[in-house]
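Right, one structure below, let's go through it.
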Amino acid sequence: MKKIYFDFAATTPMRKEVLEAMKPYFQKKFGNPSSLHFFGQEALKAIDESREKIKNILNTDFLREIIFTSSATESNNLAIKGIIFYYYFLKKIKPHLIVSSIEHPSILEVISDLIDLGLIEVTYLKPEKDSLIDPQKVKDNIKENTILVTIHYVNSELGTIQKIPEISKLIQEVNQLRKEKIYFHTDAAQASLENLDVKNLGVDLMTLSSHKIYGPKGIALLYVKKGTPLLRIISGSQQEYSLRAGTEAVPLIVGFAKALELISQEKEQIRNHLKEIRGYFLNKTKELPEKILINTPLENSSLKFLNLYFPTKTSQELMLYLDSQGIAVSSGTACQSRANEPSYVVYDVYGKERSERSLRFSFGRETKKEEVDYLFNCLKKFI
Ligand SMILES: Cc1ncc(COP(=O)(O)O)c(C=O)c1O
């Protein structure tokens, strides 16, 4: 049976070039970067070079603004808990936080835990009809004790690109008028094809993940702008500028930097390919016997995504059928779809009925038109 993958938002296959770059650091160059001898220094050099590459791509001012972690989930935990713990425990302020209701669970669950512990006040912003978070509403909801705003860059289910520079501008306007700064974090785990220049975006904290960009699993980063107060959540030795202890995963860091370098160099090429694939896919929907509605805002979304509503079939029916035909798709973020729950993002934008009958297709650099043809032949039979 054919095996076709339309779930590149869940994860991506690692590139050959990435594996090749990583290989020496598993065996021959296996040193611990904290060791003073040659083996250690060789490993440390690999980390330094990787961090330097990433610094240039993200346009950060300092190497120490890039903190390697194990996952986007960990980066989000460090960003939010790090700031909240600092204000709650050291400054004795109960912080207020503004977040959207359509963040990834690695943001929403961190916040829910902090609420349960009584450490924060939270305002949840609902998306507008176009699935955008209104920047003005961020500003309007700022309170005296607001310390952190966290809004994702690209939505993991719809692909919507949020207005990060605009939100940043409004926060900075408020910051100019007050003593206690409001920090701005964005989860950019799905934004590898967008502009990742932290200065253009105007963020203080940014999460990026390796396995979404053809790098290895088990490695991610948090950009932490100089001066951002953060308490570490993993204590130990002094790795990662004392913000995240534990011997560095040298091969994974090397692989992550290589993957980011490749995707940055090939961004235009990949975007062109995805544009063509998404256009072709959309045309094909017209061949189906029922009218499919598009949940993804086409004019303002990552080209990787297409979230569609199928009026006569549930997400589960569609997913199970397609799986039986060797086609991998998803109804939402990977962890949520494992639980077989309807997409909470589609729910918040379009309501219950639509959330139960929608599917997320996500494309990659290797997606082919023939794969789209095969999918539609299957869909035509099923619907
Ligand atoms: C926007 C976003 N943030 C965070 C994550 C979590 O990534 P990981 O499971 O690799 O920690 C994902 C994964 O789907 C995501 O899409």
Study note, to complete from the structure: By residue number, the members of segment 165-200 that are aliphatic (A, V, I, L, M) and either over 23 Å from Tyr87 (Cβ atoms) or in the same structural domain as Pro297 (by TED's automatic domain parsing) (or both) are Ala188, Ala189, Ala191, Leu193, Leu196
Review point. Inside segment 96-143, can you point out the residues that are touching a residue at least 24 places away in the same chain (Cβ under 8 Å) and either charged (D, E, K, R) or outside the structural domain of Ile161 (by TED's automatic domain parsing) (or both)?
Key: Glu103, Glu121, Lys126, Lys129, Asp130, Lys139, Lys143
Point to revise | Unmet requirement for Asn340, which otherwise passes all of (1) within 16 Å of the ligand (Cβ to nearest atom); (2) modelled with pLDDT under 95; (3) not small (Gly, Ala, Ser) | key: (1)
Practice item. Tell me which residues, restricted to segment 220-252, are within 16 Å of the ligand (Cβ to nearest atom) and buried (at least 22 other Cβ atoms within 10 Å of the Cβ). Key: Ala220, Leu221, Leu222, Tyr223, Arg244, Leu252
Point to revise | Members of segment 103-119 found to be more than 14 Å from Gln190 (Cβ to Cβ), within 16 Å of the ligand (Cβ to nearest atom) and hydrophobic (A, V, I, L, M, F, W, C), listed by number | key: Leu108, Val110, Ile111
**Study point:** Top-ranked residue in segment 134-180 [being basic (Lys, Arg) and out of contact with any strand residue (DSSP E or B) (no Cβ under 8 Å at 6 or more places or on another chain); ranked as farthest from the ligand (Cβ to nearest atom)]
**Key:** Lys179
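Can you tell me which residue among Ala72, Ala79, Ala10 is within 16 Å of the ligand (Cβ to nearest atom) and in contact with an Asp or Glu (Cβ under 8 Å, 6 or more places away or on another chain)? Give the derivation first.
Working: Ala79 fails: in contact with an Asp or Glu (Cβ under 8 Å, 6 or more places away or on another chain); Ala10 fails: in contact with an Asp or Glu (Cβ under 8 Å, 6 or more places away or on another chain).
Within the list Ala72, Ala79, Ala10, the selection yields Ala72.
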**Study point:** Residues of segment 90-102 satisfying the condition of being within 16 Å of the ligand (Cβ to nearest atom) and either over 11 Å from His152 (Cα atoms) or surrounded by 23 or more Cβ atoms within 10 Å (Cβ to Cβ) (or both)
**Key:** Val99, Ser100, Ile102
**Study point:** Set Phe62, Phe39, Phe8: member being outside the structural domain of Leu97 (by TED's automatic domain parsing) and either surrounded by 13 or more Cβ atoms within 10 Å (Cβ to Cβ) or within 25 Å of the chain's Cα centre (by Cα) (or both)
**Key:** Phe8
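For (1) in contact (Cβ under 8 Å) with a residue 40 or more places away in the chain; (2) among the basic types (Lys, Arg); (3) over 21 Å from Ser209 (Cα atoms), each residue gets a yes or a no:
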position: Thr12; (1), (2), (3): yes, no, no
position: Val18; (1), (2), (3): yes, no, no
position: Lys28; (1), (2), (3): no, yes, yes
position: Phe38; (1), (2), (3): no, no, yes
position: Ile57; (1), (2), (3): yes, no, no
position: Asp61; (1), (2), (3): yes, no, no
Review point. What is the one condition in (1) surrounded by 18 or more Cβ atoms within 10 Å (Cβ to Cβ); (2) at pLDDT below 95 that Phe363 does not satisfy?
Key: (2)
Exercise for review: Report yes if Ser301 is at pLDDT 95 or above, touching a strand residue (DSSP E or B) at 6+ places or on another chain (Cβ under 8 Å) and surrounded by 18 or more Cβ atoms within 10 Å (Cβ to Cβ), otherwise no.
Suggested key: yes
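The values are calculated or read from the model by the stated rules, or taken from the named source; none is laboratory data. This is a predicted model, so every value here is computed, not measured. Every residue, glycine as well, gets a Cβ built from its backbone with ideal geometry; the counts of neighbours run over all protein chains shown.
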